[in-house]
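The values are calculated or read from the model by the stated rules, or taken from the named source; none is laboratory data. Remember, it's a predicted structure, so these values are computed and weren't measured experimentally. Cβ: placed from backbone, ideal geometry, glycine included. Neighbour counts: every protein chain shown. Just the protein is used for accessible areas: all its heavy atoms, side chains included, with ligands, DNA and RNA removed. Shrake-Rupley method; radii C 1.70, N 1.55, O 1.52, S 1.80 Å.
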Amino acid sequence: MITLKKYISILLILIFLFSGCIGQGTDSRPEKVSTLVREASVLVQEKGEEAFPQIREKGKFYTGDTYVFVWKVEGDNVTRVVFPPDLAQEGTDVSDFKDDNNVSITNMFVTIANSEKGEGWSGEYLRTNPADNKIEKKVTYIKKVVYNDTTYVLGAGYYIN
């Protein structure tokens, strides 16, 4: 027969064992990515284009496959101005940038930037993951920054896999 003392002991042991599992499997990427974009946006808010070299360099805003990008919005024209993984793509027009399913990423990102909050998560979209060349779902955190009279859209994302 199990006494109350044994029952409580077993219960405490089980709680201790299962407590190590709490939080396991929790995806920390959303918080990390949104924090990264917000920190980069503070720099752009303070320094404008002078912040771009810091955002481009490997380190805080560009590690592994995570990086902050910056688009410049001028009316209907949207230009990629910071793109750390491929600097040759900087200066390209992304006014009609689409995912691998022909959905307008530009409209999605600019709509978030122009929302009342001025920031938020995109819906899922499809992109070819350069790590494995497979089309995968991706999400991106977007934040709008206005420096002087120039509007920028900053973002960073990750593949859902």
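Modelled spin labels at residue 160 and residue 29, positioned 7 Å past Cα toward Cβ, are 1.0 nm from each other. Placing unit charges on the Cβ atoms only, positive for Lys and Arg and negative for Asp and Glu, gives segment 113-161 a dipole magnitude near 100 debye about its Cα centre. For the cross-link pairs 60/117; 32/138; 60/143; 32/98; 47/143; 72/144, the ones whose C-alpha atoms lie over 20 Å apart are 60/117; 32/98. Spin-label pair residue 102-residue 65: with each label point 7 Å from Cα along the Cα-Cβ axis, the two points sit 2.7 nm from one another. Measuring nothing but protein heavy atoms, the accessible surface of segment 75-161 at 1.4 Å probe radius is 44 percent carbon and sulfur. Model label points for residue 114 and residue 147, set 7 angstrom from Cα along the Cα-to-Cβ axis, are 2.3 nm apart. Classify segment 40-161 as rounded, prolate or oblate from the Cα gyration tensor: take a ≥ b ≥ c as the square roots of its eigenvalues, call it rounded if a/c is under 1.5, otherwise prolate when a/b beats b/c and oblate if not. Here segment 40-161 falls in the oblate category. Per residue, segment 69-161 exposes 53 Å² of accessible surface when a 1.4 Å probe is rolled over the protein heavy atoms with every protein chain present. Entry note, segment 42-161: relative contact order of 22 percent, from Cα contacts under 8 Å with a spacing of 6+ residues.
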